[in-house]
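Read-outs: derived from the displayed coordinates by stated rules, not from any lab. These numbers were taken from a predicted model, which means no experiment stands behind them. Virtual Cβ from ideal backbone geometry, glycine too; neighbours counted across all protein chains shown.
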Amino acid sequence: MMHHRPNIDWMLKDLAMSVPQTRHVVVLSSDGLRMAQYGTDTDTADRLAAACAGLQSLSTAVAAEFPHGDGRMRLVVIEVGGGFFYLMAAGAGAYLAVLADDGVDPGLIGQCMRDLVARIGEHLTSPPRVDGLAG
């Protein structure tokens with residue numbers, strides 16, 4: 001029996017519509033699998049999800065250098081020519097990734113990402129699979 005995840009794409013659209021300059025919004029599992037998307041095609045979303053898995057691993061290695069921290073990544077921001085990339089922890093084993101063009105309001109996108117994570121936290125978790133079943 002296949003576990004059917006609730007459709008949260010509309011919530012991602014809400015974030016994209018709330019923040020001018022937002023290009024892509026993707027939710028992914030910690031192992032780099034796309035769980036939901038908005039504003040992008042499947043191939044792009046899959047590439048972003050795979051890249052995010054590497055970033056998550058890298059950020060965990062960096063977090064280990066802070067002896068009094070909890071060792072978990074909360075937010076990664078990358079500025080590149082043309083825009084910004086944001087990766088935020090979004091529940092157990094899930095992450096929210098956003099690509100935005102130059103000119104995006106960083107405070108607004110950060111707040112909207114936090115709000116989205118809070119609203120749909122239980123939907124963003126990626127439950128461990130036991131004998132092929134989620135749960």
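Database remark: amide H of ALA90 closer than 5 angstrom to the amide H of TYR95, LEU96 (H placed geometrically; neighbours at sequence offset of 5 or more, or on other chains; Pro and chain starts carry no H). The residues LEU108, LEU48, when put in order of fewest to most other Cβ atoms within 10 Å, stand as LEU108, LEU48. Diagonalising the gyration tensor over the Cα atoms of the chain and scaling each eigenvalue by 5 before taking the square root yields semi-axes of 23, 20, 14 Å, largest first.
Treating the beta-carbon of each Lys and Arg as +1 and of each Asp and Glu as -1, no other charges, what is the dipole magnitude of the chain about its Cα centre, to the nearest 20 debye?
Dipole of the chain, to the nearest 20 debye: 240 debye.
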